[in-house]
Amino acid sequence: MLDLVRRRPVRITDVLPDYPLEPRRAIADDFPPLPRPGDSGREVHFTVRQSDLDMNRHVNNSVYLGWALESAPDEIAETRRPVDIEVGYRAEALAGDTVLARCGLEAGANSGRFLQEIVRERDGKELVRLRVNWA
């Protein structure tokens, strides 16, 4: 929370009464982590532009998806459509960062399921991991 007059953060406990927490989860959180892609069949470089940023000055979630879809092999992207996407966001990218989108066929999968990751080039930090099913 922010004090709009002083333009400073304030502790929530200083301005709101105690709030009872519900121990039950809204949804079952048993999503297994997505595997990393193996040897990448394709890699595409992107530079973060101002238009890629959200209000917090981080890359918008939808931009990561666009980069991932662009990194799919041409023969897949030209003849199929993504029908199922799983995404695990891990870190943020900022304006001026250069990122690398990697795409590889999932081991043991049919010819349309790919594992992908987007990493920041300067430090190799993994930003996003995806599984995309093309049909």
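The packing ranking, built from the mean of other Cβ atoms within 10 Å per residue, places the peptides 16-23, 67-74, 113-120 in the order 113-120, 67-74, 16-23, highest first. The distance between label points at residue 2 and residue 55 comes to 0.9 nm (points 7 Å beyond Cα on the Cα→Cβ vector). Taking only Cα atoms, what is the 0 to 90° angle, nearest 10, from helix 61-70's long axis to the longest principal axis of the chain? The angle comes out at about 10 degrees. Listed peptides 24-31, 55-62 appear in the order 55-62, 24-31 once ranked by packing, highest mean of other Cβ atoms within 10 Å at the front. Rounded to a whole number of µm²/s, how large is the Stokes-Einstein D of the chain at 37 °C and 0.692 mPa s, given Rh as the Kirkwood radius over C-alpha pairs? For these conditions, the coefficient is 191 µm²/s.
For region 60-87 versus region 97-135, the inter-centroid distance based on Cα atoms is 10 Å.
Bear in mind that the values in this text are calculations on the coordinates, not laboratory data. Because the structure is a prediction, the values reported are computed rather than measured. So basically every Cβ, Gly included, is an ideal-geometry build from the backbone, and we count neighbours across all protein chains shown.
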